[in-house]
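Below: one structure, written as structure tokens.
The values are calculated or read from the model by the stated rules, or taken from the named source; none is laboratory data. This structure is a prediction, so every number in the text was calculated from the model and none was measured. Cβ: placed from backbone, ideal geometry, glycine included. Neighbour counts: every protein chain shown. When the accessible area is computed, the model is the full protein with side chains, heavy atoms only, and any ligands, DNA or RNA have been set aside. Shrake-Rupley method; radii C 1.70, N 1.55, O 1.52, S 1.80 Å.
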Amino acid sequence: MNVVDVTTEGRVGVLTLNRPGALNALNMQMLDEITVALDRFEADPRIGAVLVRGSARAFSAGADIKESQPRRFPQVFVENWQAGWSRVADCRLPMVAAVNGYALGGGCELAMSCDLVIAGQTAKFGQPEVTLGVIPGMGGTQRLTRAVGKAKAADLLMTARMMDADEAERAGLVSRIVPDAQVDDTAMAAAQTIAGFGRTTMQLLKETLNAAFETPLAEGLRVEKLAFHSCFATPEQAEGMAAFAAKRAANFHHE
Ligand code: HXC
């Protein structure tokens, strides 16, 4: 039985985490299914964005603790266990996380690996790994710190407390808060908007945005300049600017 429902809606690829009984705990099967789906979405020119969502009680309560419990250092080190989750952050398509309920541990890290995070009013974010005698291993110590700053990150990582959606938005972890019942629709609308723009433009934009997190300013500005100039080699720039001049809506998709 699959643990991720993979569907498409218009130009949006949708990943619905589907282990509600385990609060969508992330196991290896889930990673395998997400990896296959992302490979497929990236290879399909009709897909321009990816939406990741969970269920009402949880986006995801983190890595599957029951799957994790028997593991020991030599095995996890040699297997480079959990490293496969970088596939999500490495996805070349824009990704939108729709977060209802808990986004804890690996669940919070999964949301942070996406570009936009749309959260419900009662969503809860946290990195409670220390309660299990471990530290985050899917990017939490790095992405959380870059997203919310060292003081707030240290508070969350070291005390294991959860923050609510308001605090997460103030801290810069969340893009928008909406009523819980509107999370999926709002996230889908954002993903459809993104997917409506040029696919190449969006991939250049994502690479440039990520450079802001990964490089010093001068290097990031160099990446931006290269990417910006590259836009002028795309049919999308020709169409977007021609449409503006002709006072009509741009159509970036001719397939
Ligand atoms: C496996 C999990 C799980 C998880 C919840 N469940 N989180 N199973 N891995 N991360 C399961 C529970 O065992 C239970 O299964 C069912 O989901 C419902 O959870 P309850 O605890 O009964 O619900 P509730 O009382 O409402 O509490 C919700 C909760 C709590 C506060 C979110 O479930 C919780 O604290 N979960 C763990 C959160 C966490 O520590 N996440 C970080 C994981 S570590 P049964 O079968 O009993 O009904 C991580 C990175 C480190 O992400 C990597 C190594 C682990």
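Expressed as an acute angle from 0 to 90° and rounded to the nearest 10, what is the orientation of the C-alpha long axis of helix 183-196 relative to the principal long axis of the chain? Orientation of helix 183-196: about 40 degrees from the principal axis. For the chain, carbon and sulfur atoms together expose 59% of the accessible surface, with a 1.4 angstrom probe and every protein chain in place. Tell me the angle of helix 199-214 to the major Cα principal axis of the chain, expressed in degrees between 0 and 90 and rounded to the nearest ten. The helix 199-214 is inclined about 50 degrees to the chain. Full extension of the chain between V36 and A249 yields a length gain of 73.2 nm, computed as 0.36 nm times the residue separation minus the alpha carbon distance. For K206, the shell of other residues with beta-carbons less than 11 Å away shows a net charge of -1, using +1 for Lys and Arg and -1 for Asp and Glu.
Once the chain from R176 to V130 is taken as fully extended at 0.36 nm per residue, the excess over their C-alpha distance is 13.7 nm. For M95, the residues 5 or more places off, or on other chains, whose built amide H falls under 5 Å of its own are V50, D115, L116.
When ranked by the protection proxy of mean other Cβ atoms within 10 Å per residue, highest first, what sequence do the peptides 196-202, 54-60, 164-170 form? Walk me through the numbers before you get to the answer.
On the way: 196-202: 19.1, 54-60: 22.4, 164-170: 17.6.
For the peptides 196-202, 54-60, 164-170, the packing ranking is 54-60, 196-202, 164-170.
For A123, the residues whose amide H sits under 5 Å from its own are G101, A165, ignoring neighbours fewer than 5 places away on the same chain, with H placed 1.01 Å from N.
The number of Lys pairs in the chain with C-alpha atoms less than 24 Å apart, excluding pairs fewer than 8 positions apart on the same chain, is 4.
Computed over the chain, the per-residue total of -39500 (n - 2.57) for DSSP H runs of n ≥ 4 gives a 222 nm mean residue ellipticity of -14000 deg cm²/dmol, rounded to 500.
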